[in-house]
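Single-structure report; data block below.
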Amino acid sequence: MNAPPTSDIDLFDDEVLLDPCPVHATLRELGPVVHLPADDVYALTRYDVIRGALADWESFSSASIAFNPVADQALAGTSLASDPPVHTQLRAALTENLTPRALRGLKGRIEAKADALVAELVERGSFEAVDALARAFPLEVVADLIGFTGHVRDNMLRWGQAAMQVLGPMNQRTADNFPIAGELYAWCSEVTGGDLAEGSVGRGIFDAEARGAIPEGAAGQIIHQYLGAGVDTTVAAIGNVVALFAAHPGALDAVRTEPALIPGAFNEVLRYWPPVNVWGRVTTRDVEIEETVIPAGAQVALLLGSGNRDPRHYEDPDSFLLERNPADHLAFGYGPHGCAGQGLARLEAHAVIAALSRRVKRLVAGDEVRVPGNVTRAIEKLPVLQVVPA
Ligand code: HEM
């Protein structure tokens, strides 16, 4: 049995974070597992091995989803960072309010909000799409869902971004964001049901805790996970929707003519530009992958974005094909930890795509601005210069 190939690539280098695709292609060619001493990780590069690792929680533990020990410690005991059987219980409480049945009641409201927001932007004729749509819309949806009011609402974006940034290695971005992620943590450990709007899902979670339906202290933790995992990712996804629909002029016409294409189109956005490119696991034993071994106790980097562009799995992976419908993409993970909020994320994105396609024929966008992020890859600014109404 051999050691995996080694590369001097640093996954968290600014240039790599801005555009990881070329580096992913290099690593995939080196092998399904590549040791990266610069980050002290074993990177899984190909679709099959990444999906296999996500399913195999007995070999690939969630005890280290982050790339620094402080963040892992802070997450200990949460659903995200635990393995079955503890995880199974925590996840049940977490997902109760995110099931298709629970979300059915929100669908009409979310669609109406998306439509109103898009109508206003079409009226304006030009706008900066990240602030005006990609951030504004999910922030409003999640704030209403949890029942946030006042200053917490204003802090959601900062807190949500910081919660993802601190999962990186101990670089400057991580250090700068720890105090902000700490504000979220402190708020979640003090918040009570009375702080959240009456009738909101958030208030319901605290009521469940008061009834003893979920363990004491679980309610604050659930809110923490909704905010930490559900804000920055969805903002990135909606920004990517706008950018990719603007870059492919026939796309809005296609989904207007055939709205059944919308779920598949969003899958393709997530495959092509996944909000989360890299995510952690730690090996619980020596793990053999195609004649090579990852030693026990090693930090693993699951390159979700690389799996999504693996030519062994997707034909012509570097093309954005609206009708591909890659329902098995890895952007939401897979297996026991597969994104608990994907129903909500889909509801939001489908509503935005539907509203855009109803009201807009073509979006003319200027150059997008990106800044490097440790875990989330998102567009920072996207000027829409002209809207051609449908
Ligand atoms: C497009 C948007 C989103 C993306 C790309 C995304 C991505 C992911 C990924 C990759 C995982 C797997 C983590 C792992 O395997 O360890 C995950 C888990 C999770 N996501 Fe999402 N997510 C999104 C939206 C949301 C939303 C809106 C929420 C909640 C309101 C949410 C809540 C969660 C939670 C709670 C988990 C942990 C589940 C568990 O530990 O079992 N996510 N997400």
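Any residue at all in the stretch 85-96 that's among the basic types (Lys, Arg), assigned to a helix (DSSP H, G or I) and in contact with a His (Cβ under 9 Å, 6 or more places away or on another chain)?
Yes: one or more hits.
Which residue, of Met156, Met164, is modelled with pLDDT of 90 or more, closer than 15 Å to Gly341 by Cβ and either assigned to a loop (DSSP other than H, G, I, E, B) or touching a strand residue (DSSP E or B) at 6+ places or on another chain (Cβ under 7 Å) (or both)?
Only one candidate qualifies: Met164.
What number goes with the only condition from (1) within 26 Å of Met170 (Cβ to Cβ); (2) out of contact with any Lys or Arg (no Cβ under 7 Å at 6 or more places or on another chain); (3) part of a helix (DSSP H, G or I); (4) of a type in the set (A, V, I, L, M, F, W, C) that Ala53 does not pass?
(2)
Got at least one residue in the stretch 132-145 being more than 15 Å from the ligand (Cβ to nearest atom) and either in a helix (DSSP H, G or I) or acidic (Asp, Glu) (or both)?
Scanning the stretch 132-145, I find at least one residue that is more than 15 Å from the ligand (Cβ to nearest atom) and either in a helix (DSSP H, G or I) or acidic (Asp, Glu) (or both), so the answer is yes.
Have a look at Asp328, Asp318 and point out the one that is in contact with a Lys or Arg (Cβ under 9 Å, 6 or more places away or on another chain) and under 14 Å from Gly264 (Cα atoms).
Asp328
Among the numbered criteria (1) outside any loop (DSSP other than H, G, I, E, B); (2) buried (at least 23 other Cβ atoms within 10 Å of the Cβ), which single criterion is violated by Leu11?
Among (1) outside any loop (DSSP other than H, G, I, E, B); (2) buried (at least 23 other Cβ atoms within 10 Å of the Cβ), Leu11 violates only (1).
So which of Arg135, Arg153, Arg203, Arg104 is among the basic types (Lys, Arg) and closer than 19 Å to Gly239 by Cβ?
Arg135
Out of Ala345, Ala365, Ala298, which single residue is closer than 27 Å to Asn97 by Cα and at pLDDT 95 or above?
Going through Ala345, Ala365, Ala298 in turn, the sole match is Ala345.
Would you confirm whether or not the stretch 232-244 contains a residue that is β-branched (Val, Ile, Thr), more than 11 Å from the ligand (Cβ to nearest atom) and over 22 Å from Ala136 (Cα atoms)?
For the stretch 232-244, residues β-branched (Val, Ile, Thr), more than 11 Å from the ligand (Cβ to nearest atom) and over 22 Å from Ala136 (Cα atoms): absent.
Restricting to the stretch 81-99, and then to whatever is more than 9 Å from the ligand (Cβ to nearest atom) and of a type in the set (A, V, I, L, M, F, W, C), can you tell me which residue is farthest from Arg203 (Cα to Cα)?
Val86
Given the conditions (1) buried (at least 20 other Cβ atoms within 10 Å of the Cβ); (2) more than 12 Å from the chain's Cα centre (by Cα), report the number of the one that Arg324 does not fulfil.
With (1) buried (at least 20 other Cβ atoms within 10 Å of the Cβ); (2) more than 12 Å from the chain's Cα centre (by Cα) applied to Arg324, the lone miss is (1).
With the condition kept exactly as written, say whether any residue in the stretch 40-53 is in contact with a strand residue (DSSP E or B) (Cβ under 8 Å, 6 or more places away or on another chain), near the ligand (Cβ under 10 Å from one of its atoms), touching a residue at least 40 places away in the same chain (Cβ under 8 Å) and not aromatic (Phe, Trp, Tyr).
Yes: one or more hits.
Which numbered condition in (1) modelled with pLDDT of 95 or more; (2) surrounded by fewer than 16 Cβ atoms within 10 Å (Cβ to Cβ) is the only one that Ala181 fails?
Condition (2) is where Ala181 drops out.
Output the qualifying pairs, or none if there are none: Cβ atoms under 6 angstrom, residues six or more apart or on different chains, first residue in the stretch 73-85 and farther than 16 Å from Ala219 by Cα and of a type in the set (A, V, I, L, M, F, W, C), second residue assigned to a loop (DSSP other than H, G, I, E, B) and within 10 Å of the ligand (Cβ to nearest atom).
Ala81/Ile65
Kindly list, by first and then second residue, each pair from a residue in the stretch 345-368 that is under 24 Å from Asp232 (Cα atoms) to a residue that is of a type in the set (Gly, Ala, Ser) and within 16 Å of the ligand (Cβ to nearest atom), limited to pairs with Cβ atoms under 7 Å and residues at least 6 apart or on different chains.
Ala345/Ala237; Ala349/Ala237; Ala351/Ala114; Val352/Ala114; Ile353/Ala265; Ala355/Ala114; Ala365/Ala243; Glu368/Ala243
I'd like to check something: does the stretch 357-370 contain any residue that is closer than 27 Å to Leu17 by Cβ, within 14 Å of the ligand (Cβ to nearest atom) and not in a strand (DSSP E or B)?
No, the stretch 357-370 has no match at all.
Within the stretch 269-354, which strands (runs of 3 or more DSSP E) (wholly inside it) include 2 or more residues that are more than 30 Å from Val122 (Cβ to Cβ), of a type in the set (Val, Ile, Thr) and more than 9 Å from the ligand (Cβ to nearest atom)?
278-283, 287-289, 292-294
Please enumerate the residues belonging to the stretch 33-60 that are surrounded by fewer than 20 Cβ atoms within 10 Å (Cβ to Cβ) and under 28 Å from Gly217 (Cβ atoms).
Residues satisfying the conditions are Trp57, Glu58.
The values are calculated or read from the model by the stated rules, or taken from the named source; none is laboratory data. Everything numeric here is computed off the predicted structure, so don't read it as measured data. Cβ coordinates were reconstructed from backbone atoms using ideal geometry, including for glycine residues, and neighbour counts include every protein chain displayed.
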